[in-house]
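The values are calculated or read from the model by the stated rules, or taken from the named source; none is laboratory data. The model shown is predicted, which means the values in this text are computed figures rather than measured ones. All Cβ positions, glycine included, derive from the backbone under ideal geometry; neighbour counts span all protein chains shown.
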Ligand code: TRP
């Protein structure tokens, strides 16, 4: 059972990133270890080049992201943590997979439509091929399970189709999906259940987001305790002062779910435990305390790790060597199956 996920090195990571992804990486690392399998995590610097970006910043943001993952509990001795650009097998596989990827499927990707509409200067071919690069990330490692956010469902379906089509075409099948040898493993997406959606504190009908949210509505993982408390105190609620969850109370529901996720309770338990509360003030204070308690230790470790870029590079070199040891043989089989390069 091999777990694989990728994370963008762009933007300031926020609480939604932590509750929806990063903390599941840490439990994934533990599950994989217990099962005698691997958990593989990739900081996707190549994906970051598909939209306008500053080359001087990309490496720094990559270090930020790696330091954050380490601070949150990923351990290079217990998982494989690597930088996408360090493993040339991945872009090579991207090209090879384009042979079994339908142009029409790429054209239908929601994320491509959204992101291409946002570009001012250039809609790059890289942005169009983004899902193929993502498929190559996972397929190069024959991963079984891919924990990702809900917004990645379409990309996961596409990578499954690509693997099926590859096996049918190049695995000695008759061309119909499902036939042929499993040269490439068909992975499964794993989607978060609890607190899958942390909403913007100022606009609770919208997801907390790096790109579209407001600073006041977003709890950044590196915000200090004062800032977190202030943002939560100013969170939009409603006027009836009744602590209850429901679609008619998006702001209160978001706070209750946040408090539940950070204190390992269900939202219903939180509501029950707050039965004697004096209203939203108590809910906000409790949520702020829980978020600060959860992020404090991560922030301390981050501060220790981030300034030592040589140490980060050393950790990444270890990850790259482990990653290439897996992806290299897979690529050799793919090339052989496709008739590319010399006979194996
Ligand atoms: N596209 C993913 C996102 O935006 C990031 C990603 C890149 C990824 N490669 C991946 C996720 C491979 C899972 C597996 O969240």
Exclusive hit being assigned to a loop (DSSP other than H, G, I, E, B), away from the ligand (no atom under 12 Å from the Cβ) and at negative phi, set 122, 93, 129, 97: 122
Among residues of the stretch 143-157, those that are in a helix (DSSP H, G or I) and either within 8 Å of the ligand (Cβ to nearest atom) or surrounded by 19 or more Cβ atoms within 10 Å (Cβ to Cβ) (or both), counted: 4
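Return the only residue of 160, 165, 181, 169 being part of a loop (DSSP other than H, G, I, E, B) and away from the ligand (no atom under 11 Å from the Cβ). I'd like the intermediate steps shown before the answer.
On the way: 160 fails: part of a loop (DSSP other than H, G, I, E, B); 165 fails: part of a loop (DSSP other than H, G, I, E, B); 169 fails: part of a loop (DSSP other than H, G, I, E, B).
Among 160, 165, 181, 169, only 181 is part of a loop (DSSP other than H, G, I, E, B) and away from the ligand (no atom under 11 Å from the Cβ).
Residues of the stretch 242-262 being farther than 18 Å from residue 197 by Cβ and in contact with a helix residue (DSSP H, G or I) (Cβ under 6 Å, 6 or more places away or on another chain), which ones?
To start, the set of residues in the stretch 242-262 that are farther than 18 Å from residue 197 by Cβ comprises 242-244.
Result: 243, single match.
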Every residue from the stretch 1-20 that is surrounded by fewer than 20 Cβ atoms within 10 Å (Cβ to Cβ), modelled with pLDDT under 95 and closer than 29 Å to residue 126 by Cα: 11, 12
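Hey, does the stretch 250-273 have a residue that's more than 23 Å from residue 26 (Cα to Cα) and under 23 Å from the mean Cα position of the chain (by Cα)? Explain how you work it out, then say what you get.
Here is the first cut: in the stretch 250-273, the ones more than 23 Å from residue 26 (Cα to Cα) are 250-256, 268-273.
Now narrow it down to the ones that are under 23 Å from the mean Cα position of the chain (by Cα): 254-255.
Scanning the stretch 250-273, I find at least one residue that is more than 23 Å from residue 26 (Cα to Cα) and under 23 Å from the mean Cα position of the chain (by Cα), so the answer is yes.
Those residues that are in a loop (DSSP other than H, G, I, E, B) and free of Cβ contacts under 8 Å to residues at least 24 places away in the same chain, I need them from the stretch 229-265; list them, please.
Taking the stretch 229-265 as the starting set, the residues that turn out to be in a loop (DSSP other than H, G, I, E, B) are 234-249, 263-265.
Once the filter is applied, which keeps residues that are in a loop (DSSP other than H, G, I, E, B) and free of Cβ contacts under 8 Å to residues at least 24 places away in the same chain, the stretch 229-265 yields 238, 239, 240, 242, 246, 247, 248, 249, 264, 265.
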So residue 217, is it modelled with pLDDT under 95 and outside any helix (DSSP H, G or I): no
